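A.B. asks: Handing you this structure, nothing more for now.
The values are calculated or read from the model by the stated rules, or taken from the named source; none is laboratory data. Everything numeric in this text was worked out from a predicted model, so none of it was measured. Don't worry about glycine lacking a Cβ; one is built from the backbone with ideal geometry, like all the others, and counts go over all protein chains shown. Remember, those area values only see protein heavy atoms, side chains included, never the ligands or the DNA or RNA. Shrake-Rupley method; radii C 1.70, N 1.55, O 1.52, S 1.80 Å.
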Amino acid sequence: TSTLAPDAFDGARALAAARSLAAEFPDRRPGSAGDEASAARIVGLLKGLGGTAGGGFSVHTHRFEAQTIEGERELTTVIAQRPGSSNATPIVILAHRDSAAHGALGEASGTGALLELARVFSTRETRRTIVLVSTSGGSGGDAGAADFVAHAHGPFDAAIVLGDLAGAHQRRPFVVPFSDGFGSAPVQLQRTVADAITQEVGSDPGAPSAIGQLAHLAFPFAAGEQGPLDAHGLPAVLVQVSGERGPTPGEAVSAERLEGFGRSVLGAVDALDTAPGVSHSLQTGVLVQRQTIPEWAVRLLVAALLLGPLILAIDALARLRRRGEPVGRWTLWTLACALPFLLCAVFAYLLGWLGIVSAAPPIPVLAGALPFDASAAATVAAAVLVLGLAWLLWPMIVRRLGLDVHPSSEAAGLAMVLVLLALSVVVWAVNPFTALLLLPAVHLFLFIASPELRPRPVGALSLVALALLPVVLLVAFYALQLGLGPGEVAWTAVLLIAGGHVGLLGAVMWSLALGCAAATVMLALTPVAPVPGTDYGTAITVRGPRSYAGPGSLGGTKSALRR
């Protein structure tokens, strides 16, 4: 916590600076003339605070090329540095000045707060060096933040990213810690900033839910600029009134709210300035009621739950091999079921690589930055068409491979289980939280793979739907959290692949998982055929007396005679 009063931050002055930038440079798309002009204005304002000899900042700019929502653009990062009284690692305060929408005063409030913090720190002595960073590309793709952390001369103690600090609509949590990679900002940094907000704003800043933490650990997806910072090892949190979703283009703003959150950031920086260094170990567990479920515990749990199906599959494999069943051919058939999904992913990847979808940054983009318009709908329709055509051609491809189109052997079910188990083990080794998504399928698909246990088609398809529920809930969580409609969900999926956020290896893994689901659906719709040496495929039509319990129960044997 901070021992200094943060009342030096003036919310009205910060909002006036934001209004001035938004009015003078309403079009601030990344790399545009307005974006560059606003960068020059920020440089002038920061230099006007005086050089380091007078307590001000040393200011310089860095130009680079990056992929943005406008395609490949040359961007400018403004970096201002004020030396501290010690050689302790610096603190970074970062905000983007660009915006996808015209004006966007809510987004500009972060830059207004950044300029006001610069004025405060120019007259306040700090132990740590303060580094202020104004980036471009933060409205979609976070190119400026990613370039800064990749090329800046570190190390840094921590970073606070300023988002929408003045918006009228609040959406918790106000402190967003999630990374573009595995993990999130250290709990110590999260609590430091959250406690400062509680003291200055007077309301609960909220905290990421357990479901939200699981979702971000299972499928890392961070649209804020803290994402690339955390992914590169710089502990960072995003402070934003509107949570992960961000402000709407015409969001109303409040000077009182900007002052409360601006003072919260100032208090948090003061606390970090006087405290020992923040741990650079990312939070990789799930925080529940201020207690952490560590990653190793989740990894051990998933391994234990995979052990049972693995033993059953090995036993079934040994049994079918003794009977001479072609397990290898049906394994190839299961892998072929993943081909349509993989072809669709490769198509989306080529759209980005060839520049057809030019505005596909490698970092996730919010729906407001790249809206689901006619062009986006056409791209999604093309991807769906490729998937549909791939399935239409799939029977011909399978026959050319010398395989049956329909699963006609008990080995088909076992082959599907073996592929799914192998995939689950590989995923478990990389990320145990992602393996949690596959666990229901690993267990429920056993009932469909085994002819003895397979229910009627309706029941079998219900089991498939239940097995896919975790993935559906993951998509629904992100859709609700980021305000995505059905079309925007599909568009975001295409952008994630086209921009490279989901790499080729990740696309192969997801294709295999969906291929196993498709193979299971075919098994669920296939009637159970009798297998030589078994009688589970034959209906029982003759029964003995209900009370019959075996030889001798009706008398007539020596064991039943009285002695």
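A.B. asks: In the set 167, 137, which member is at pLDDT below 95, within 30 Å of residue 210 (Cβ to Cβ) and touching a helix residue (DSSP H, G or I) at 6+ places or on another chain (Cβ under 7 Å)?
C.D. replies: Numbers: 137 fails: within 30 Å of residue 210 (Cβ to Cβ).
Checking each option against the conditions leaves just 167.
A.B. asks: Please go through region 203-231 and pick out each residue that is assigned to a loop (DSSP other than H, G, I, E, B), of a type in the set (Gly, Ala, Ser) and at negative phi.
C.D. replies: Keep residues of region 203-231 that are assigned to a loop (DSSP other than H, G, I, E, B), which gives 203-209, 219-225.
Adding the requirement that they be of a type in the set (Gly, Ala, Ser) leaves 203, 206-207, 209, 222-224.
Those that are assigned to a loop (DSSP other than H, G, I, E, B), of a type in the set (Gly, Ala, Ser) and at negative phi: 203, 207, 209, 222, 223, 224.
A.B. asks: Let me ask something else. Kindly list, by first and then second residue, each pair from a residue in region 274-291 that is farther than 21 Å from residue 158 by Cβ to a residue that is crowded, with 19+ Cβ neighbours inside 10 Å, limited to pairs with Cβ atoms under 8 Å and residues at least 6 apart or on different chains.
C.D. replies: 286/213; 286/214; 286/217; 286/298
A.B. asks: Moving to a separate point now. List the number of the failed condition for residue 200; all other conditions in (1) at pLDDT 95 or above; (2) in a helix (DSSP H, G or I) hold.
C.D. replies: Failing condition for residue 200: (1).
A.B. asks: Residues that are part of a helix (DSSP H, G or I) and surrounded by 18 or more Cβ atoms within 10 Å (Cβ to Cβ): does region 47-55 have at least one? Explain how you work it out, then say what you get.
C.D. replies: Just the residues of region 47-55 that are part of a helix (DSSP H, G or I), to begin with: 47, 52-54.
Subset that is surrounded by 18 or more Cβ atoms within 10 Å (Cβ to Cβ): none.
No; the residues of region 47-55 include none that is part of a helix (DSSP H, G or I) and surrounded by 18 or more Cβ atoms within 10 Å (Cβ to Cβ).
A.B. asks: Is it the case, given these coordinates, that residue 408 is among the polar types (S, T, N, Q), open to solvent by 30 Å² or more (accessible area, probe 1.4 Å), out of contact with any helix residue (DSSP H, G or I) (no Cβ under 8 Å at 6 or more places or on another chain) and part of a helix (DSSP H, G or I)? Outline the logic, then answer.
C.D. replies: Working: among the polar types (S, T, N, Q): yes; open to solvent by 30 Å² or more (accessible area, probe 1.4 Å): yes; out of contact with any helix residue (DSSP H, G or I) (no Cβ under 8 Å at 6 or more places or on another chain): yes; part of a helix (DSSP H, G or I): no.
No.
A.B. asks: If you don't mind, another one. May I ask you to list the residues in region 387-397 that are farther than 15 Å from residue 493 by Cα and open to solvent by 40 Å² or more (accessible area, probe 1.4 Å)?
C.D. replies: 389, 391, 392, 393, 396, 397
A.B. asks: Name the pairs: first residue in region 204-231 and open to solvent by 10 Å² or more (accessible area, probe 1.4 Å), second residue charged (D, E, K, R), Cβ to Cβ under 7 Å, at least 6 apart or on different chains?
C.D. replies: Sorted first by the residue in region 204-231, then by its partner, the pairs are 206/172; 220/180; 223/244; 224/244; 231/180.
For every residue, the table says whether it meets (1) among the polar types (S, T, N, Q); (2) modelled with pLDDT under 95; (3) open to solvent by less than 30 Å² (accessible area, probe 1.4 Å); (4) in a loop (DSSP other than H, G, I, E, B).
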| position | (1), (2), (3), (4) |
| --- | --- |
| 233 | no, yes, no, yes |
| 243 | no, yes, yes, yes |
| 247 | no, yes, no, yes |
| 265 | no, no, yes, no |
| 278 | no, yes, yes, yes |
| 281 | yes, yes, no, yes |
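Per-residue answers, yes or no, for (1) of a type outside the set (Phe, Trp, Tyr); (2) closer than 23 Å to residue 223 by Cβ; (3) part of a helix (DSSP H, G or I); (4) open to solvent by less than 60 Å² (accessible area, probe 1.4 Å):
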site: 302; (1), (2), (3), (4): yes, no, yes, yes
site: 310; (1), (2), (3), (4): yes, no, yes, no
site: 332; (1), (2), (3), (4): yes, no, yes, no
site: 335; (1), (2), (3), (4): yes, no, yes, no
site: 357; (1), (2), (3), (4): yes, yes, no, yes
site: 379; (1), (2), (3), (4): yes, yes, yes, yes
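A.B. asks: Could you check region 190-203 and list, in sequence order, the residues that are open to solvent by 40 Å² or more (accessible area, probe 1.4 Å) and aliphatic (A, V, I, L, M)? Let's see the steps before the verdict.
C.D. replies: If we filter region 190-203 for residues that are open to solvent by 40 Å² or more (accessible area, probe 1.4 Å), which is where we start, we get 191, 195, 198-202.
Listed by number, the list holds a single entry, 201.
A.B. asks: Follow-up question, since we're still on this one. Just to be sure, is residue 238 open to solvent by less than 20 Å² (accessible area, probe 1.4 Å), out of contact with any Lys or Arg (no Cβ under 9 Å at 6 or more places or on another chain) and at pLDDT 95 or above? Full working, then the answer.
C.D. replies: Values: open to solvent by less than 20 Å² (accessible area, probe 1.4 Å): yes; out of contact with any Lys or Arg (no Cβ under 9 Å at 6 or more places or on another chain): yes; at pLDDT 95 or above: yes.
Spelling it out, residue 238 is indeed open to solvent by less than 20 Å² (accessible area, probe 1.4 Å), out of contact with any Lys or Arg (no Cβ under 9 Å at 6 or more places or on another chain) and at pLDDT 95 or above.
A.B. asks: Might you let me know whether region 361-373 holds any residue that is over 25 Å from the mean Cα position of the chain (by Cα) and at pLDDT below 95?
C.D. replies: Within region 361-373, the first condition is being over 25 Å from the mean Cα position of the chain (by Cα), and the residues that meet it are none.
Looking for residues that are over 25 Å from the mean Cα position of the chain (by Cα) and at pLDDT below 95, one finds none in region 361-373, hence no.
A.B. asks: Taking the options 68, 1, 76, name whichever one is open to solvent by 40 Å² or more (accessible area, probe 1.4 Å) and of a type in the set (Val, Ile, Thr).
C.D. replies: Details: 68 fails: open to solvent by 40 Å² or more (accessible area, probe 1.4 Å); 76 fails: open to solvent by 40 Å² or more (accessible area, probe 1.4 Å).
Among 68, 1, 76, only 1 is open to solvent by 40 Å² or more (accessible area, probe 1.4 Å) and of a type in the set (Val, Ile, Thr).
A.B. asks: Tally the residues that are over 29 Å from residue 129 (Cβ atoms), touching a residue at least 24 places away in the same chain (Cβ under 8 Å) and not aliphatic (A, V, I, L, M), restricting the search to region 20-62.
C.D. replies: So the count comes out to 5.
Table: residues versus (1) part of a loop (DSSP other than H, G, I, E, B); (2) within 17 Å of residue 167 (Cα to Cα).
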position: 6; (1), (2): yes, no
position: 17; (1), (2): no, yes
position: 21; (1), (2): no, yes
position: 31; (1), (2): yes, no
position: 38; (1), (2): no, no
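A.B. asks: If you check every pair at least six apart or on different chains, which have Cβ atoms under 7 Å apart with a residue in region 468-496 that is without any contact (Cβ under 8 Å) to a residue 60 or more places away in the chain and part of a loop (DSSP other than H, G, I, E, B) first and a residue that is buried (at least 18 other Cβ atoms within 10 Å of the Cβ) and not β-branched (Val, Ile, Thr) second?
C.D. replies: Final answer for the pair search is 468/517.
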